[in-house]
Amino acid sequence: MTKNNAQPGRILALDTSSASQAVAVLEGSGILFESSSLAERNHSVNLLPEIERALRQSGTDKQALAGIAVGIGPGSYTGVRIAVTTAKTLAWALKLPVAAVSSLEAQAASGLEASGLQGKIWVVPLVDARRGQAYTALFEADLPSGRGRADELPLNRTAEDAILQVQDWMVQLAARLQELPADKRPDCILFTGETEKHAETVQGLAEMAGLPEDRIALQDCAAEARWIGRIGLRKLESGDTVDAHDLLPNYTQVTEAEANLLRAKS
């Protein structure tokens with residue numbers, strides 16, 4: 001990580017860690033362009049044209065960009081690589097600072113914003129990883145009624161990005177909840193992302209933790225590019241940036257090819 005305390009103007013935000021392709025141009029808290037489209041298996045074809053469209057429609061010269069915010073995963077191996085490689089190339093060519101953003105944190109913020117929930121919320125992003133697994137994490141938010149601007153959602157991370165069996169994750173969450181006194185438990189646990197594929201398993205958390213069923217909420221939605229940008233903007237402003245050559249995807253586990261190579265060496 002580098003620390004250069006940049007004062008960014010317009011930034012480009014992008015994420016292709018899931019089936020959704022997300023691109024935005026932001027200036028401060030203002031969203032000048034944003035798009036999100038299902039482009040599974042076509043990110044490599046569609047991303048650069050969409051970036052060009054974003055710059056054109058927002059009236060942004062790429063030479064005038066002040067930084068790039070990119071979702072580094074976890075998620076689809078191929079998808080994550082596409083966004084990260086694109087960000088690396090643009091940052092190197094344009095000599096721009098890069099903010100590496102957890103795609104799951106952006107997913108959590110997107111779902112929380114869409115839900116409109118208030119109170120003490122646990123937010124659990126889920127991105128399907130097949131075989132009953134999901135990329136996931138855990139965040140907390142305390143949202144009083146009449147909360148402030150949408151770009152200031154106070155998300156606090158309480159579990160790192162990981163790939164887990166969803167059933168095992170529910171057992172872990174239930175154990176966390178049971179350790180808390182009743183007045184410290186969340187008002188609601190919000191699951192966001194690709195929730196439909198795991199809805200039955202997720203709903204079982206209420207019984208395991210002894211919670212009323214209405215304390216479990218599901219918000220099926222994609223990570224929005226504006227949240228990649230908003231989180232990235234905070235990093236850029238604080239100087240929490242990555243050199244283009246050092247920018248790496250966060251897979252949370254080795255790829256099958258890497259695992260085979262490690263086994264061959266052992």
To the nearest 0.05, how large is the calculated FRET efficiency for residue 163 and residue 44 if R₀ is 22 Å and r is the Cβ-Cβ distance?
0.45
Going by alpha carbons, how many degrees (0 to 90, nearest 10) lie between the helix axis of 225-238 and the longest principal axis of the chain?
70
Quick check: at a probe of 1.4 Å, how many percent of the accessible area of the chain sits on carbon and sulfur atoms?
48
Where only protein heavy atoms count, and the probe is 1.4 Å, what is the accessible area per residue for the chain in Å²?
47
Report, for the chain, the % of DSSP beta bridges that are antiparallel, rounded to 5.
65
Here, GluC sites (Glu not before Pro) of the stretch 161-228 satisfying both criteria (DSSP loop; at most 11 other Cβ within 10 Å) are 179
Can you tell me the FRET efficiency between residue 213 and residue 145 if r is taken as the Cβ-Cβ distance and R0 is 22 Å, rounded to the nearest 0.05?
0.40
How big is D for the stretch 1-127, in µm² s⁻¹ as a whole number, if Stokes-Einstein is applied with the Kirkwood radius of its Cα pairs at 10 °C and 1.306 mPa s?
105
For residue 95 and residue 203 in one chain, what is 0.36 nm times their gap in residues minus the Cα-Cα distance, to one decimal in nm?
34.1 nm
Rounded accessible area of residue 201 (nearest 10 Å², 1.4 Å probe):
40
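Out of the trypsin sites (Lys or Arg not before Pro) in the stretch 58-140, which ones are loop residues according to DSSP with at most 16 other C-beta atoms within 10 Å?
Of the trypsin sites (Lys or Arg not before Pro), the ones in loops of the stretch 58-140 whose Cβ has at most 16 other Cβ atoms within 10 Å are 95, 131.
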Enter the angle in degrees (range 0 to 90, nearest 10) between the Cα long axis of helix 103-115 and the first principal axis of the Cα atoms of the chain, meaning the one along which they spread out most.
60
Out of all DSSP beta bridges with both ends in the stretch 41-156, state the antiparallel percent to the nearest 5.
70
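Here is the link list: 62/235; 62/120; 88/120; 95/197. Which ones come out longer than 32 Å on Cα distance? Before the final figure, lay out the partial values.
Values: 62/235 20 Å; 62/120 41 Å; 88/120 38 Å; 95/197 41 Å.
With Cα atoms farther than 32 Å apart: 62/120; 88/120; 95/197.
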On a 0 to 90 degree scale, rounded to 10, what angle separates helix 256-265 from the longest Cα axis of the chain?
90
Exposure ranking of 77, 135 by accessible area [1.4 Å probe, largest first]
77, 135
Using only the Cα atoms of the chain, what semi-axes does the equivalent ellipsoid have when each is the square root of 5 times a gyration tensor eigenvalue? Give whole Å, largest first.
31, 23, 16
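The values are calculated or read from the model by the stated rules, or taken from the named source; none is laboratory data. No experiment lies behind these values; they were computed from the predicted model shown. So basically every Cβ, Gly included, is an ideal-geometry build from the backbone, and we count neighbours across all protein chains shown. SASA here: full protein model, heavy atoms, side chains in, ligands and nucleic acids out. Shrake-Rupley method; radii C 1.70, N 1.55, O 1.52, S 1.80 Å.
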